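The values are calculated or read from the model by the stated rules, or taken from the named source; none is laboratory data. Just so it is clear, the structure is predicted and the values come from calculations on it, not from any experiment. Virtual Cβ from ideal backbone geometry, glycine too; neighbours counted across all protein chains shown.
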Amino acid sequence: MRRNRLLLVFLIHILLLFTVQAKVEFSLELFEELASNINPIPYIKIPEYRKVELENGMVFYLAQEPDLPIIEVVGFIRGGMSQESMEQAGISSLMARLMNTGTKNFSELELSRYKELNGLSFGISSRQDYYYFSADALSYDKEDLFTLIAEVLRNPEFEGDYFNRIIQEQYQAIMQNFYYDSSLLNMYFNSTVYGEHPYGYSDNLGLLITALQNITPADVKNFYQENIDPANIIMAISGDFDLSEMEKLLREKFADWESKGIELKEKRVVDNETNYNRVILVHKPDATHAKMKMGYIFYDQSYEDRVTFTMANLIFGGGDFSSRLMDNLRSSLGYVYGISSAYQLYDSGGLYFITTDVAPEKAYETREAIKAEMLAIKEGKKAISENELFRIVNLYNAFFPRTYKEEITVLADIMYAREILGESDNYINEYIEEYNNLTAAQVQEVFARDTFPERFLTVIVGRKEDILPAFQEQGIEVELVELF
């Protein structure tokens with residue numbers, strides 16, 4: 001049984017914000033121009049590659065691209081934020097930053113100079129279910145590039161002089177977020193909907209501050225030892241190199257790194273029914289308008305109808321200027337400045353949500369209009385039409401190839417599909433074929449089955465005197481959070 005239907009690390013951005021990934025200016029004129037043409041069904045060329053697997057479980061995908069004298073690397077390490085405890089919230093992101101600051105063989109200054117003198121780029125960050133890293137260099141600097149990657153991944157130093165400085169920088173950045181409406185919105189929404197699951201820790205500013213004050217270099221070192229293992233690392237490498245020489249270099253740098261047989265923790269997301277129809281208002285006296293987020297726990301990474309649901313959601317609220325939500329709440333009613341719907345699928349549970357900037361006095365009406373719009377599709381009163389589906393598929397066909405202009409992007413997606421999701425190496429074109437063969441009836445059926453307007457948790461950030469009266473008039477209970 002095919003476990004997934006192709007919403008991968010890079011594709012998730014296409015599904016929700018594909019214009020950003022394609023580096024195209026987001027404008028009504030552009031969408032109207034593309035929608036007026038019948039765009040051809042794209043085909044993505046899959047590069048020839050060699051798969052190399054070391055005895056320690058580390059996996060590499062190598063693809064030659066001799067047109068430019070560069071080497072590009074994209075890698076994933078299973079784990080990420082999902083492995084954090086509440087007492088050490090944020091430690092995975094802190095660890096990733098420290099790993100790229102200094103190592104056992106390079107001080108902070110030496111590592112910085114090594115990158116600069118050799119023209120090397122390397123970055124690593126923590127995500128919900130994995131760490132993501134990328135690197136690049138000129139092809140004749142490949143030895144230096146993989147020396148750097150091996151040094152950062154294998155020999156991080158957490159007790160350097162920079163530890164306290166980075167802690168303070170992290171602390172200041174978190175404190176600053178208390179002043180941003182969007183940060184408060186995500187904090188109260190995600191910490192509420194996810195409860196005690198680690199997926200909600202990264203936005204919980206208070207939890208991060210408390211944890212940061214108690215984390216020591218020894219804590220970070222222990223977290224590294226318990227989470228980073230070569231058997232959990234996959235790496236895509238594309239560029240101007242000889243395949244045999246590259247394989248030899250990789251074995252020199254990584255083959256003697258012994259796996260500890262680490263077993264990652266798995267904690268399922270719990271859908272707390274007490275959040276259904278719950279409304280939380282975060283009073284921010286200096287807010288000029290209101291930010292609102294509505295959502296509920298969704299399916300995990302095994303969701304098989306993701307392609308069909310993606311097309312339905314783009315029609316409902318995740319697509320262009322003519323999505324149902326945008327057309328109704330912005331163009332017709334004038335309640336909102338902007339609105340979009342999206343979903344995220346993680347290993348232990350996902351999330352469906354709608355975000356909007358709304359005129360404060362219209363927050364209640366907006367909440368009700370969103371639910372009514374979803375219900376109209378769900379009950380078939382305003383069923384998804386073939387014309388709507390054609391339009392979004394047509395736009396998708398126009399933007400899709402722009403995401404795969406670079407070979408490293410294709411190769412990394414292929415690697416992730418095969419190694420993490422168990423898909424074939426032609427999954428990208430299978431994905432294209434699947435969404436192009438959908439019917440409006442199929443899209444309608446899946447959206448009706450998998451949307452739940454009665455489950456919305458609603459969090460609003462704004463001035464209580466502007467927002468609260470409309471809810472009180474309707475007898476709706478609102479939990480008020482006073483920030484100051």
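Points to keep in mind about this one:
- The single condition among (1) part of a loop (DSSP other than H, G, I, E, B); (2) under 30 Å from residue 84 (Cα atoms) that residue 292 does not meet is (1).
- Going through (1) touching a strand residue (DSSP E or B) at 6+ places or on another chain (Cβ under 6 Å); (2) over 27 Å from residue 431 (Cα atoms) one by one, residue 341 falls short only on (2).
- One residue stands out among those in region 337-359 that are closer than 22 Å to residue 445 by Cβ and of a type in the set (Gly, Ala, Ser): the one that is surrounded by the most Cβ atoms within 10 Å (Cβ to Cβ), which is 341.
- All positions within region 206-233 that are over 30 Å from residue 254 (Cα atoms) and surrounded by 20 or more Cβ atoms within 10 Å (Cβ to Cβ): 208, 211
- Qualifying positions in region 440-464 - under 19 Å from residue 390 (Cα atoms) and touching a Phe, Trp or Tyr at 6+ places or on another chain (Cβ under 6 Å): 446
- Test: residue in region 334-342 that is in the same structural domain as residue 383 (by TED's automatic domain parsing), aromatic (Phe, Trp, Tyr) and farther than 26 Å from residue 466 by Cα: no
- The criterion of being outside any loop (DSSP other than H, G, I, E, B), in contact with a helix residue (DSSP H, G or I) (Cβ under 7 Å, 6 or more places away or on another chain) and either assigned by TED's automatic domain parsing to the domain that holds residue 475 or not hydroxyl-bearing (Ser, Thr, Tyr) (or both) holds for residue 371.
- Given (1) outside any helix (DSSP H, G or I); (2) modelled with pLDDT of 95 or more; (3) farther than 26 Å from residue 132 by Cβ; (4) in contact with a helix residue (DSSP H, G or I) (Cβ under 7 Å, 6 or more places away or on another chain), number of the condition residue 312 does not satisfy: (1)
- Look at region 360-387: where a residue is under 15 Å from residue 440 (Cβ atoms) and a partner is in a loop (DSSP other than H, G, I, E, B) and hydrophobic (A, V, I, L, M, F, W, C), sitting 6+ places away or on another chain with Cβ atoms under 7 Å, you get 377/383; 377/384.
- Residue satisfying all of: in region 84-133; part of a loop (DSSP other than H, G, I, E, B) and of a type in the set (Lys, Arg); surrounded by the fewest Cβ atoms within 10 Å (Cβ to Cβ) among these: 104
- If you go through region 46-100 and keep only what is under 25 Å from residue 165 (Cα atoms) and among the charged types (D, E, K, R), you end up with 84, 87, 97.
- Here residue 168 fulfils each of the conditions (1) within 19 Å of residue 483 (Cβ to Cβ); (2) free of Cβ contacts under 8 Å to residues at least 40 places away in the same chain apart from (1).
- Single unsatisfied condition, residue 269 versus (1) free of Cβ contacts under 8 Å to residues at least 24 places away in the same chain; (2) touching a Ser or Thr at 6+ places or on another chain (Cβ under 8 Å); (3) β-branched (Val, Ile, Thr): (1)
- Some residue of region 44-58 being out of contact with any helix residue (DSSP H, G or I) (no Cβ under 8 Å at 6 or more places or on another chain), more than 28 Å from residue 261 (Cβ to Cβ) and either hydroxyl-bearing (Ser, Thr, Tyr) or modelled with pLDDT of 95 or more (or both): yes
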